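Here the structure is laid out as structure tokens; the discussion comes afterwards.
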Amino acid sequence: MSRLLILTSLAFLLYLPNTSATLALTNLQTLLQQHPLPQTPAQNTPSHAPWSHSPHCTTSHHLAHLGQKFCIYTSNTTGPYGLSLILKPRDAVRATAHLSDNPLESFLTKRQAESMYLGGVGGGQAWKVVDVPGKDKGVVATRRIARFETVMVDQAAVVVDMDLEKAVMKGESNAMLKLAVERLRAPGVIRDMSAKHNDGKDEEEVEGEEGRLEEDVMKTNAFGSTVVDVSTRALFPLISRINHACNPNSFVMFSRAGVSMAIKAYRDIEEGEEITISYLLLGIPSHKRTHLLSRWGFTCTCALCSLPPQEKKASDLRRVMIAQAEEKIIQLAESYDLPAAIALTHESIQMIIEEEVYPMLTDEYAMLAMLYLEHGDRKSAEKYGKLAWGLLGDLGFLGVGEEKDRQTFTLERLLGNMGKLGGDGSGGKWKKGEV
Ligand SMILES: *[C@@H]1O[C@H](CO)[C@@H](O)[C@H](O)[C@H]1NC(C)=O
């Protein structure tokens, strides 16, 4: 029964042998042989290859991380912006594998990629960045977007080990950030993301201290991402233009390498509609949302937050109940009251549908499959297992194209993956920083 305890979020399936972004983290030697870098005359080959710059390091004097080195590793030819990683040296060795992480391969079939970039009927770029009243900038759909379509892909520009800020003084970590940005192909793109930068003040005035601007950009725009098993803050410049909503029409998905990201629609989106994602866990009630969102300096203006008090209360109540149901279901299952656990899961599904936080359904369906199986009702278990699997496939968690086709459903496969992988309750894709 302990399997149930691990079943908390979509994250549990993120590591199915799925996306083609999955690069084996083997040794560096093999990798470099497989992906030969552009040939340069031997005498000019910099010793710091595959990086474009010599790594710049700092050493922690903080007790908990004493002597730990963190270095900036930049490949200024990776992706649209270049990529700077601030990592411990041993992690950086493994991260070299991710320099070839191609978001198109992770999230789109060849045909979809062509349609996105070359256009054609129903294809082409589906969004534009616009000024949104009261929200600075935002992204709106320029055509109808179908449910589950991949709307946007992006690659990280800056990735920072979360240990850095604990390990070194603030001034030092900011100086590291500043250099990491400076070494990119287009540092201006990154600096322009700071609200401070756009205040009309000149740079000197804004910065005060070296790296303040870069720190501000990371604080207000970075997503949490796991890269080479390290918890990092990762900056995805394009995707960070997308605003938050408490019942968003889209969601984010990371490549397995953690350095590419996609935005996918989970319902149809009409032309002119703003594209939104949730920066928070789905299903958080309004007072908590307000508190958590204050970190990004804005108040919630999405439909749910602007509801009349009565309806807002009803929505909050459902969200609290959805959250509490999960814990209660596990308790019931552990005490082998399976019929009650099953009934409560069905109720929870109803509330999730009413709240329109559909991605949460994958967990609930999988939960039902497990509960029915424990209860000896294999037929129902299969039914809900298939629903979970189908939704995971639609959402893109089972890969794309042929790869997805290979992921045929079996109940054992679904449940086996649940047990193996612990969800962290964050959906594996928490939005814009730690909450
Ligand atoms: C990348 O870095 C190298 C080494 O500093 C530099 O010579 C080159 O111009 C840079 N390329 C780009 C595209 O920024």
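Looking only at residues of region 177-190 that are touching a helix residue (DSSP H, G or I) at 6+ places or on another chain (Cβ under 7 Å) and in contact (Cβ under 8 Å) with a residue 12 or more places away in the chain, we find that the one that is nearest to the ligand (Cβ to nearest atom) is LEU184. Among what's in region 96-124 and is part of a helix (DSSP H, G or I) and of a type in the set (Asp, Glu), pick the residue that is farthest from the ligand (Cβ to nearest atom). Here the residue is GLU114. Answer yes if at least one residue in region 41-61 is modelled with pLDDT of 55 or more, more than 15 Å from the ligand (Cβ to nearest atom) and either open to solvent by 70 Å² or more (accessible area, probe 1.4 Å) or closer than 18 Å to ALA97 by Cβ (or both), and no otherwise. The answer is yes, given that some residue of region 41-61 is modelled with pLDDT of 55 or more, more than 15 Å from the ligand (Cβ to nearest atom) and either open to solvent by 70 Å² or more (accessible area, probe 1.4 Å) or closer than 18 Å to ALA97 by Cβ (or both). For region 125-159, give me each residue that is over 20 Å from ASN102 (Cβ atoms) and not in a loop (DSSP other than H, G, I, E, B). Once the filter is applied, which keeps residues that are over 20 Å from ASN102 (Cβ atoms) and not in a loop (DSSP other than H, G, I, E, B), region 125-159 yields TRP127, LYS128, VAL129, VAL130, ASP131, LYS137, GLY138, VAL139, VAL140, ALA141, ILE145. Residue count for region 339-359, restricted to those that are surrounded by fewer than 22 Cβ atoms within 10 Å (Cβ to Cβ), closer than 19 Å to ARG147 by Cα and hydrophobic (A, V, I, L, M, F, W, C): 1.
Scanning region 133-168 for residues that are touching a helix residue (DSSP H, G or I) at 6+ places or on another chain (Cβ under 6 Å) and charged (D, E, K, R) yields LYS137, ASP154, GLU165. Tally time: how many residues in region 72-95 are of a type in the set (Val, Ile, Thr) and away from the ligand (no atom under 16 Å from the Cβ)? Within region 72-95, residues that are of a type in the set (Val, Ile, Thr) and away from the ligand (no atom under 16 Å from the Cβ) number 2. Of all residues in region 189-233, those satisfying the criterion of being under 15 Å from ASN174 (Cα atoms), aliphatic (A, V, I, L, M) and modelled with pLDDT of 90 or more are ILE190, LEU213, VAL217, MET218.
The residue that is farthest from MET162 (Cα to Cα), counting only those in region 207-253 that are touching an Asp or Glu at 6+ places or on another chain (Cβ under 7 Å) and assigned to a helix (DSSP H, G or I), is ILE239.
The values are calculated or read from the model by the stated rules, or taken from the named source; none is laboratory data. This structure is a prediction, so every number in the text was calculated from the model and none was measured. Virtual Cβ from ideal backbone geometry, glycine too; neighbours counted across all protein chains shown. Just so you know, the surface numbers come from the protein's heavy atoms only, side chains and all, with ligands and any DNA or RNA stripped out. Shrake-Rupley method; radii C 1.70, N 1.55, O 1.52, S 1.80 Å.
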